[in-house]
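The values are calculated or read from the model by the stated rules, or taken from the named source; none is laboratory data. Nothing here was measured: the structure is a model prediction, and the numbers come from that model. No Cβ is skipped: glycine too gets one built from the backbone with ideal geometry, and neighbour counts run over all protein chains shown.
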Amino acid sequence: MSTWVRSQRAAVADSGDVVWLIARDGSVRRLDGDGAELARAVIAYFAHPRSEADVIAHVETLAGPLGERRSVVSDLVKLLVEVGAVSPVGSATATTSVTRAVGANIVVGISGAIAATHAPALITALQRRGHTVEVALTQTAQRFVSIDALGAIAGRELHTSVWPSRPHAPAPHVALAQWADLVVVYPASGTTIGRIANGDFSDLVSAIALTTRAPLIVAPSMNIAMLEAAAVQRNLDTLRVDGAVVLYGVPSHEVAEAPSTRSDVTGAAASPAEVAAAVDALRVAGALRGREASGASGWDAVYRGAAAGAKRADGLPLTPWVSDECDADIARALADAPHGRLLDVGCGLGQVARHAVSLGYRVTATEISEAALRLARDRAPDVTWLRDDVCASALVSEVDVIVDRATLHTLPRARVHAWAATMRRLLAPGGILLVKAHRDGVPGATTGWSGAAIAALLPELELVREAPAELPGLSSPTPVPSVLVVLRRRRE
């Protein structure tokens, strides 16, 4: 009776409700729903040599008697053999041959597993396929690979910290996240998988994976006992649900054990050549999907239309809230604030950021809309322009002044606590927060605010003053009664 075991090929990827099978010729088969669940169970069972009868018996222990449905399991085993996900025990495994995808900007994130020693070969394999590769390493990964050797292979500066290497440079994880067309975490240790799954920005690789809107591929590599731990499996499930593609491991010698007791176990990342081929196969098949910041696509459409000179049906501009001049009341408040590091959130086309630079501030301006940022960058090169969601910000450096002109009132109530968390995290002790928003109680589509309501969100800050103000509406340039609120963070 024939027996099969997981092959050395990077033939199985998993994301959301879909399992992708990558054939030897680079074609990709998609399994959905119950088919995907069955595939997951069967592929996991092939971590050790199994016959078709073994597999059927295993599925019956999980789901009860199969009856005529045994043919479904038999067909799946045949499919796994056909694509090369499993191979006859003792046979050699052919490498994937795939038409190359168009070259992409790929960030390879290396974490602290023994397979990190294979990362130079992965970088070379991706470069040979026409991709441009940037490399980021966790602190632990640097124990496994030579920085000098890796830098020579990559031909680019390596990235090892969330902190910029030069004054006023963008945070590396934000810059790399925006640059990337794809992020590949290889190898992905249990620790790095946990960081990404649980929103932990404390290390560079997880910070990039959490910040990017590009597709994310994760290649776990660890001891099989660690991989099968309930916590690791929960974290991998979270990554799949969040849209990451998990590339299944292959049999390999377990180097954590004594040499005399080592055996082949399924838990290691596939070879660099296989991973590079799988990357291209999944890209060609359209299996990789990035993620949009919440609400970004709508704002992008508005700013693209505004850039093209489009008008509403009534002849009004698409962006009545945009102005080339900084609001006079914000300008006065900036003149009185400490002229240090300033963050302009929801910057639009950057009128506040440009004015702050003219006053001598060091300015970072963030916006959820890439279309708006493209327009803003051309007008003020001295500003650091970054795509970022204020309710899920990837920024880490504290600043002396934060300006929110007309962002808070666009947020639904369910997101204002996330906004407040960002303000608390990024405003330095003694720092000033300026918020200009539509006033509470004014009819319209916005969420209105008062100074007291904003201060209640931020108990660490004291309300300095509140002044009546005006802002355009979201759909009309007609002034809307608003407030300018100035708060100061108490010193520790």
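Some notes on this structure:
- Any hit, the range 268-289, residues being of a type in the set (Asp, Glu) and either surrounded by fewer than 21 Cβ atoms within 10 Å (Cβ to Cβ) or modelled with pLDDT under 70 (or both): no
- Scanning the range 361-397 for residues being β-branched (Val, Ile, Thr), within 17 Å of the chain's Cα centre (by Cα) and surrounded by fewer than 22 Cβ atoms within 10 Å (Cβ to Cβ) gives a total of 1.
- Note on the range 126-143: among residues that are surrounded by fewer than 20 Cβ atoms within 10 Å (Cβ to Cβ) and out of contact with any Lys or Arg (no Cβ under 7 Å at 6 or more places or on another chain), the one that is nearest to Ser221 (Cα to Cα) is Thr140.
- Looking across the range 209-255, just one residue is in a helix (DSSP H, G or I), among the small types (Gly, Ala, Ser) and buried (at least 21 other Cβ atoms within 10 Å of the Cβ), and that is Ala209.
- Taken over the range 24-73, the criterion of being over 39 Å from the mean Cα position of the chain (by Cα) and part of a strand (DSSP E or B) is satisfied by Ser51 alone.
- Filter result for Phe144 (aromatic (Phe, Trp, Tyr) and either assigned by TED's automatic domain parsing to the domain that holds Ala371 or over 27 Å from Arg387 (Cα atoms) (or both)): yes
- Selection count, the range 407-418, where residues are in contact with a Ser or Thr (Cβ under 8 Å, 6 or more places away or on another chain) and crowded, with 22+ Cβ neighbours inside 10 Å: 2
- Within the range 187-199, one or more residues are closer than 18 Å to Ala113 by Cα, assigned by TED's automatic domain parsing to the domain that holds Thr117 and among the charged types (D, E, K, R).
- Enumeration of residues in the range 1-20 that are within 24 Å of the chain's Cα centre (by Cα) and outside any loop (DSSP other than H, G, I, E, B): Val12, Ala13, Asp14, Ser15, Val18, Val19, Trp20
- Flag if Ala452 is more than 32 Å from the chain's Cα centre (by Cα) and assigned by TED's automatic domain parsing to the domain that holds Val399: yes
- Hits in the range 214-253 - residues which are basic (Lys, Arg) and modelled with pLDDT of 95 or more: none
- When each of Ser323, Ser358 is tested for being of a type in the set (S, T, N, Q), surrounded by fewer than 21 Cβ atoms within 10 Å (Cβ to Cβ), farther than 30 Å from His131 by Cβ and at pLDDT 75 or above, the lone residue that passes is Ser358.
- Criterion (closer than 22 Å to Glu228 by Cα, touching a Leu at 6+ places or on another chain (Cβ under 7 Å), modelled with pLDDT of 90 or more and aliphatic (A, V, I, L, M)) met by exactly one of Val28, Val55, Val86: Val86
- Filtered residues of the range 337-355 (kept if aliphatic (A, V, I, L, M) and either crowded, with 24+ Cβ neighbours inside 10 Å or farther than 18 Å from Val399 by Cα (or both)): Leu342, Leu343, Val345, Leu349, Val352, Ala353
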